[in-house]
Amino acid sequence: MQAFPKNKREPTDQKLRGGYYTPRPLADYLCKWAIRTPSAKVLEPSCGNGNFLSAVASMLDEDGRITAVEIVSGEIDKAKQAVNGASAPIEWHCASFFDTAPELLKRQRYDAVVGNPPFIRFQYFKKDERESAFRLMEAYGYHPNGLANAWIAFVQLSTEMLRDGGRLAMVLPAELLQVKYAAELRYRLPMLFKDVHIVAFDELVFPQIQQEVVLLLAEGKRRAQAGGQLHTLSASNGEDLLAASTASAAVSHAPTRHAHREMKWTSLFLEDDEFHVLDECSRDKELHRLGQLADVDVGIVTGRNSFFVVSDTESRELGADEYVLDVVGRTSALKSIRFDKEDLASYGASNPSKLLNLSGADDRSFPIGVQGYIRLGEEQGVDRGYKCRIRARWFDVPSAYVPSAFLYRQIHRAPLLVANHAGATTTDTIHRVKVNRDVCTDTLCASAVNSLTFAWAEVSGRSYGGGVLELEPSEAEGLIVPYRFSKDIDIDYVDKQLRAGKLDRAAEHGDDVMLRRGYGLSRADVLRVRAAWNRLRSRRQGRKHRPRQARESNGIRQR
């Protein structure tokens, strides 16, 4: 009897509460920057095992004051041990920060707020805590997104806890730079602080969770909202940052950069001339956005790919050939700007490539093999998975249409837009694209092969610790595509180069035809755009944990 593996592992307790702690030397570094006097009043909104508290306590005398909040009683016991003998009095709150915050906000404001808020994704953010957090945020004029990670609420509420002139020093997910639900925070931070410093790393500080992090150091809290200064620095890793300089010395020399609301903070790590040309292109209405030319939608969400996607042989054995669609489920199968019948046959030779599409059919007319297969799925609990059990009939896969093109969702080198000449559909590992009727699909796909589109994908997408770039449909529709200047693009040449694995050569053709001769960028600006793509891509791909002896240390770099 065939067994269908579950799609996801059960989350660990540590993942559910987002408890990944900052190394003590890094906590010391942040606290030394944030705390200016030994009599400071300091808040740690999620103290965990006490690494930040230990650093704070070592800097304060009996005139100082510490407020420590932690929801897990076992962790707060560890924190109390870590600061045993501290000179400054400590006020402990064993509770959710969101339940404690209203009382703290009524009583006082702090000179500094420090810490490493929990990285709890929206699906693990408990409903009662989320509702408490959102009510507080709304009271202070925020518009929380239902998909927001818990750390967003910690940061936004922590800024409200600061007195005028106060400092915020936190370890945060690098999602701060990229994700849509952090857009309001990105907009507000420079408004609420005189100077905002972002320190990023080439390697993982928390390799055990593949979570890229940044340091946020914001100073000069103020009531009147005005445009503050953004400063960015890069370090190879935490050790190199600590060895290079004190935080105060490093950030005091960081140059200033501004980004308009559409440009994510990833772009702040470019060189000035690279940033400028991307910024200018992003504002030019002559350059299309993909969303003006096509609609981007997620691939088919089956609820259990291992059940709904079968091989050609399995389809025949079940008698299901009239109830299947050709399907591609691996980005690696899309090697060029065209995916044709031959490509599909090659893919199907080593991968399941038939999607069960039973929607709309009378289940009494199903072949015996299909009926037995449905019973097998029920015996093994496929029907009890969330996506399946909310359907009228659990085995009816919704939205099973064939798109005119595909688009990479998760990207290693560059996002390819791929014309669908195979008549296939795809699972949600790949996006589906409906091209407008007045747009030539092949030409559109070829026009997306250029350094500007690739660079903008790096700016608008989000990256993870393993070096993967991901584009959600709304982000993909925001990609800059020079389709208007594609009349001289050689589609066959682009296809040939990509199939030969020569992405750079294909992109250079697009740069020359569309960006330089069509759009009118100078050769120097085309090279700057290409450098921007390469810089952001290299930064993303290089952000993997490597043994120290296997890498070359570049130290700290200011942008």
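The values are calculated or read from the model by the stated rules, or taken from the named source; none is laboratory data. Since the model is a prediction, treat every value here as computed from it, not as a measurement. Glycine gets a Cβ as well: all are built from the backbone with ideal geometry, and neighbour counts include every protein chain shown.
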Here are the criteria: (1) closer than 28 Å to V214 by Cβ; (2) assigned to a helix (DSSP H, G or I); (3) among the acidic types (D, E). Tell me which single one D111 does not satisfy. (2)
Checking E103 against (1) free of Cβ contacts under 8 Å to residues at least 12 places away in the same chain; (2) more than 30 Å from D61 (Cβ to Cβ), which single condition isn't satisfied? (2)
Odd one out for R375, checked against (1) in contact (Cβ under 8 Å) with a residue 12 or more places away in the chain; (2) more than 29 Å from the chain's Cα centre (by Cα): (1)
Could you tell me which residue of the range 170-199 is surrounded by the fewest Cβ atoms within 10 Å (Cβ to Cβ), considering only residues that are touching a Phe, Trp or Tyr at 6+ places or on another chain (Cβ under 7 Å) and not in a helix (DSSP H, G or I)? L172
What residue, among those in the range 424-447 that are part of a loop (DSSP other than H, G, I, E, B) and of a type in the set (D, E), is farthest from P398 (Cα to Cα)? D438
Do you know which of the residues in the range 528-547 that are assigned to a helix (DSSP H, G or I) and without any contact (Cβ under 8 Å) to a residue 24 or more places away in the chain is farthest from S282 (Cα to Cα)? S538
When restricted to F4, F97, the only residue crowded, with 19+ Cβ neighbours inside 10 Å and either touching a Gly at 6+ places or on another chain (Cβ under 6 Å) or at pLDDT below 95 (or both) is F97
Number of the exception - S359 against (1) within 23 Å of V433 (Cβ to Cβ); (2) modelled with pLDDT of 95 or more: (2)
How many residues, within the range 512-527, are in contact (Cβ under 8 Å) with a residue 24 or more places away in the chain and either surrounded by fewer than 23 Cβ atoms within 10 Å (Cβ to Cβ) or under 22 Å from the mean Cα position of the chain (by Cα) (or both)? 6
Criterion violated by K487 - all others in (1) more than 22 Å from D340 (Cα to Cα); (2) under 25 Å from the mean Cα position of the chain (by Cα); (3) not aliphatic (A, V, I, L, M) satisfied: (2)
Given the condition assigned to a loop (DSSP other than H, G, I, E, B), without any contact (Cβ under 8 Å) to a residue 12 or more places away in the chain and of a type outside the set (V, I, T), answer yes or no: does some residue in the range 321-332 qualify? no
Could you identify the single residue in P398, P415 that is touching a Phe, Trp or Tyr at 6+ places or on another chain (Cβ under 6 Å), under 28 Å from Y181 (Cα atoms) and touching a residue at least 24 places away in the same chain (Cβ under 8 Å)? P415
Members of the range 347-366 found to be in contact (Cβ under 8 Å) with a residue 12 or more places away in the chain and either acidic (D, E) or over 18 Å from V397 (Cα atoms) (or both), listed by number: Y347, G348, N351, D363
